[in-house]
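To start, the structure itself, in structure tokens.
Coordinate-derived values only; no laboratory data. Only a predicted model underlies this, so the values are computations on that prediction, with no experimental measurement involved. Cβ: placed from backbone, ideal geometry, glycine included. Neighbour counts: every protein chain shown.
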């Protein structure tokens, strides 16, 4: 199934109130092929659901508008595909309601611990253009290549810390605090 995705991505300044009460799932993304700098093909495990997705920008240099082709997979298909060599990223995704928008707050794990991003999806270009940045967000990074899923996979926080410093981003540590990833 192919659909148009209209989306903005922000660096999170602080975790919004009520996040722990929100629905969440563990996501494992494997981007393939491994040797490509910015792979567009991803296999994903989201809880007990599995899929393969390819995202393609509608126009060069604009990551806010992409076509997304997604095919659901059976668990056995996913397990076979995950044997392929690819770059991996693990995160916990929270569905957070902000002013009528269901956002996806991604708390990255393992080597990217400390990075938290939020995506907002929109129905129309006008809605996307008129959207105002929430107070819990630091900066719009939609057009930043280094923050795209296919670019983050296989990296560590230290690999992107210089780019994050340009935004004065502070790590949001989730370990040894009341916030827990389950």
Check: Ranked by Cβ crowding within 10 angstrom, fewest neighbours first, how are 42, 88 ordered?
Finding: 88, 42
Note to self: Which of 41, 4 has the fewest other C-beta atoms within 10 Å, and how do the rest follow up to the most?
What the structure shows: 4, 41
Next item on the list: Treat region 70-119 as a sphere of radius equal to its Kirkwood radius over Cα pairs and apply Stokes-Einstein at 37 °C in a medium of 0.692 mPa s; give the translational diffusion coefficient in µm²/s, rounded to a whole number.
Entry: 249
Notebook entry, point to check: Any idea what the alpha-carbon Rg over 2.2 N^0.38 Å comes to for region 2-165?
Noted result: 1.01
